[in-house]
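Novice: The structure's right below; bear with me while I get my questions together.
Nothing in this text is a laboratory measurement; each read-out follows from the coordinates by a stated rule. Please read these numbers as outputs of a predicted model, since none were measured by experiment. Note that each Cβ is placed from the backbone with ideal geometry, even for glycine, and that neighbours are counted across all protein chains shown.
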Ligand SMILES: [Zn+2]
């Protein structure tokens with residue numbers, strides 16, 4: 001169907017507490033890295049990149065950048081949101097914070113559920129990586145799905161396996177890590193590799 005944008009999710013706010021986790025300092029540094037290296041330009045008018053970390057081992061909750069928020073320097077804690085749980089069937093995201101969570105929250109939730117080893121998820125749209133995705137031999141989703149949809153999450157889960165870097169067709173890339181530093185260092189290596197493929 002032409003122009004189909006997919007059914008996105010609704011957000012239920014459980015509280016307005018601003019996240020205070022000490023790891024926010026690290027997360028902000030990687031947001032700055034994504035911004036500085038042009039890895040998080042806007043996609044499809046509404047989504048920038050989004051970065052998150054799991055709150056505790058085995059927890060399904062995580063802390064993620066707020067919605068419609070460009071990654072930049074000097075982000076404040078109130079620009080991040082805790083996602084407590086997602087109901088993938090009803091397409092509801094339950095969150096705490098003073099703004100809504102990233103439009104890709106369901107995608108992050110689905111990955112954390114399927115991959116207990118993953119503690120951090122970084123998602124960007126940078127051209128330098130997207131233009132070389134095939135030469136880099138990275139796994140790519142079979143179909144292009146609108147951002148923020150369950151369909152997009154499912155297309156990614158279908159190729160997730162134990163990969164740490166994946167490409168969402170015609171959209172962006174995902175880097176997974178067993179810590180924030182791990183996801184960050186993987187991003188740095190990916191960026192260097194992409195710059196040097198011809
Ligand atoms: Zn995106």
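Novice: Residue 151 to residue 92: extension gain in nm, 0.36 nm per residue of separation minus the Cα-Cα distance?
Specialist: Details: separation 59, 0.36 × 59 = 21.24 nm, distance 1.43 nm.
The residue 151-residue 92 span can extend by a further 19.8 nm.
Novice: What share of the DSSP beta bridges in the stretch 90-191 is antiparallel, in percent to the nearest 5?
Specialist: Values: 9 of 10 bridges.
Counting only bridges with both partners in the stretch 90-191, antiparallel ones make up about 90 percent.
Novice: Can you give the translational diffusion coefficient of the chain in µm²/s, computed by Stokes-Einstein from the Kirkwood radius over Cα pairs at 20 °C and 1.002 mPa s?
Specialist: Answer, rounded: 130 µm²/s.
Novice: If you don't mind, there's one more thing I want to ask. Just rank 188, 69, fewest to most, by other beta-carbon atoms within 10 angstrom.
Specialist: Working: 188 13, 69 20.
So the residues, fewest neighbours to most, are 188, 69.
Novice: Taking each pair of different alpha-carbon atoms in the stretch 78-133 once, compute 1/r for the pair, average those values, and report the inverse of that mean as the Kirkwood hydrodynamic radius in Å to one decimal. Could you put the intermediate results ahead of the total?
Specialist: Details: mean 1/r = 0.0775 Å⁻¹.
Evaluated on the stretch 78-133, it is 12.9 Å.
Novice: Let me ask you something else. Testing the spin-label approximation: label points 7 Å from Cα along Cα→Cβ at residue 128 and residue 163. State their distance in nm.
Specialist: Between residue 128 and residue 163, the simple spin-label model gives 2.2 nm.
Novice: Counting DSSP beta bridges with both partners in the chain, what percentage is antiparallel, nearest 5?
Specialist: The answer is about 80 percent antiparallel.
Novice: So, one more: Viscosity 0.692 mPa s, temperature 37 °C: what is the translational diffusion coefficient of the stretch 115-181 from Stokes-Einstein with a Kirkwood Rh over Cα pairs, rounded to a whole number of µm²/s?
Specialist: On the way: Rh = 12.2 Å.
Rounded, D is 268 µm²/s.
Novice: According to a simple spin-label model (label point 7 Å from Cα along Cα-to-Cβ), what is the distance in nm between residue 25 and residue 38?
Specialist: 3.2
Novice: Subtracting the Cα-Cα distance from 0.36 nm times the residue separation, let me have the gained length for residue 136 to residue 113 in nm, one decimal.
Specialist: On the way: separation 23, 0.36 × 23 = 8.28 nm, distance 2.70 nm.
Gain in length upon complete extension: 5.6 nm.
Novice: Given labels modelled 7 Å from the Cα in the Cβ direction, how far is it in nm from residue 196 to residue 60?
Specialist: Label-label distance for residue 196 and residue 60, simple model: 4.2 nm.
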